[in-house]
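Written out below as structure tokens is the structure these notes cover.
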Amino acid sequence: MKLADNKATLSFSNGSPSVDLPVYHGSVGPDVVDIRKLYAQTGMFTYDPGFLSTAATQSAITYIDGDKGELLYRGYPIEQLATNCDFLETCHLLLYGELPNTDQKKDFTSRVTNHTMVNEQMQFFLRGFRRDAHPMAIMTGLVGALSAFYHDSTDITNPEHREIAAIRLIAKMPTLVAMAYKYTVGQPYMYPQNNLSYAGNFLHMMFATPCEKYVVNPVIERAMDRIFTLHADHEQNASTSTVRLCGSSGTNPFAAIAAGVACLWGPAHGGANEACLNMLEDIQKMGGVSKVGEFMEKVKDKNSGVRLMGFGHRVYKNYDPRAKLMQETCREVLTELGLQNDPLFKLAMALEKIALEDDYFVSRKLYPNVDFYSGIVQRAIGIPVPLFTAIFALARTVGWIAQLNEMIGDPEYKIGRPRQLFSGSVKRDVKPLAVR
Ligand code: ACO
């Protein structure tokens, strides 16, 4: 953070003295006005519900240029990472700041691989859930429960604990998601296979059974790996900010990540991929491509409460670069599986075409986000719709933990404690029950 030559001056129309506020430059992106001393200087807070103009932290991990539609992890464009690197290389980049060399990659992969099993007791914990429980309900519980199993990595002030908790979380999330799936379908859990890649192992734990050999399809493996890479981090979004706020109290990393999982569940955030696929299936039932125009009229009618799921983003005011990559993966997977004529893919393309030409979407700069195509890919792979957000959580875990560790290591780190503009009743006296 570099102090700018200029300052911001806040003046008041009621004659109160004006105050100078420092301005800082980031390495790229908008400058920030430092308001930390504003309350001490003026007795006033700033008001910004939804954080529309507030940088809650400084971070060196992920940069998004929403107008250009650019996403960089530690400076590297997402397109290059998704094309030239695998997910574990991306995890190394996010956690430690650099892509691994050959030896570092080998070492990191082996550390993650050696932590893929979960404590055997976890399956008894899982057994307490109803078989029809939503996977995100299960994941919130299982991830939080990890803190009860791994006592030796719960002290966030200890860098070694933070390191081992990071590896454990990245390693165990696929195992937990696959266990949640196997539990709902009543199949035996499949133990991790250390000879497989991270994505290949996940596919194996999801789709293998003890009855026959399961061979990982390399096209599907690559698609899964890309889904993980595209979802690995996205700077200060709702769930990441939740993880930071939760972790700022000094709670253990497993508890903080469980809070992130809970936040991600919502349909305005990670739950949008599930909501998007349900929307496509509903339109398909109504008559498919021929009903797109009718559906779009509902979307544009503010009283209908209908939104085009998988469209729009708080930061991107251009095409989400992840959506482009996901569309490419979607084609590859559908071709590999002989599903080129998948009606939902055709429907999604038709919706996208209309939306990109319609003034309602153009004027509001609403473009497809990553969720628009990710559901179609996952459904083609055989992943049930309610599991989509759990897979997003699996992939985002590395981002959450990298952001959490960055916060704890920041000398300016403090517990997060937002303030408020109070609009409730002023002080009053309690009346006895008989006269209320
Ligand atoms: N369909 C129809 N209209 C939309 C949509 C949409 N998907 N998204 C935004 N709009 C409209 C709003 O009605 C609003 O119109 P107005 O200015 O006339 O009132 C305008 O566009 C701005 O929208 P806001 O909701 O104010 O924008 P915000 O930044 O708060 O919301 C959000 C962003 C939540 C992503 C929103 O675009 C949305 O609900 N999209 C659908 C859900 C979705 O796909 N979420 C995934 C996000 S990406 C992720 O988490 C991985």
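Among the residues of the range 229-259, those identified as farther than 20 Å from H151 by Cα, within 16 Å of the ligand (Cβ to nearest atom) and assigned to a helix (DSSP H, G or I) are T229, L230, A238, S239, T240, S241, T242. Among the residues of the range 137-152, those identified as more than 19 Å from Q187 (Cα to Cα) and open to solvent by less than 20 Å² (accessible area, probe 1.4 Å) are V143, A145, L146. Note on the range 260-270: residues that are within 14 Å of the ligand (Cβ to nearest atom) and open to solvent by 10 Å² or more (accessible area, probe 1.4 Å) amount to 6.
Annotation for the range 365-375: no member residue is farther than 27 Å from Y63 by Cβ, part of a loop (DSSP other than H, G, I, E, B) and not aliphatic (A, V, I, L, M). Would you confirm, using the coordinates I've provided, whether F45 is open to solvent by 80 Å² or more (accessible area, probe 1.4 Å) and within 16 Å of the ligand (Cβ to nearest atom)? It is false that F45 is open to solvent by 80 Å² or more (accessible area, probe 1.4 Å) and within 16 Å of the ligand (Cβ to nearest atom). Restricting to the range 153-209, what's the tally of residues that are part of a helix (DSSP H, G or I) and either crowded, with 21+ Cβ neighbours inside 10 Å or not aromatic (F, W, Y) (or both)? Counting residues in the range 153-209 that are part of a helix (DSSP H, G or I) and either crowded, with 21+ Cβ neighbours inside 10 Å or not aromatic (F, W, Y) (or both) gives 36. Please go through the range 277-327 and pick out each residue that is of a type in the set (V, I, T), under 18 Å from the mean Cα position of the chain (by Cα) and open to solvent by less than 40 Å² (accessible area, probe 1.4 Å). Correct list: empty. Screening the range 296-329 for residues that are assigned to a helix (DSSP H, G or I), more than 18 Å from I354 (Cβ to Cβ) and near the ligand (Cβ under 10 Å from one of its atoms) and picking the one that is modelled with the highest pLDDT gives R322. Being touching a residue at least 24 places away in the same chain (Cβ under 8 Å) and either buried (at least 20 other Cβ atoms within 10 Å of the Cβ) or closer than 24 Å to V292 by Cα (or both) holds for only one residue in V362, V370, and it is V370. Taking residues in the range 210-239 that are within 19 Å of C85 (Cα to Cα), and partners anywhere that are among the aromatic types (F, W, Y) and assigned to a helix (DSSP H, G or I), the pairs with Cβ atoms closer than 6 Å and at least 6 places apart or on different chains are D225/F87; F228/F87; T229/F87; H231/F392. The set of residues in the range 91-118 being touching a residue at least 24 places away in the same chain (Cβ under 8 Å), out of contact with any Asp or Glu (no Cβ under 8 Å at 6 or more places or on another chain), closer than 18 Å to G409 by Cα and among the aliphatic types (A, V, I, L, M) consists of L95 alone. Note on the range 335-352: residues that are farther than 24 Å from V315 by Cβ and assigned to a helix (DSSP H, G or I) amount to 9.
The values are calculated or read from the model by the stated rules, or taken from the named source; none is laboratory data. Fair warning: this is a prediction, and the values are worked out from it, not measured in the lab. For neighbour counting, all protein chains shown are included, and Cβ atoms are generated from backbone atoms with ideal geometry for every residue, glycine included. Ligands, DNA and RNA are stripped out before the accessible areas are found, and what is left, the full protein with its side chains, is counted by its heavy atoms. Shrake-Rupley method; radii C 1.70, N 1.55, O 1.52, S 1.80 Å.
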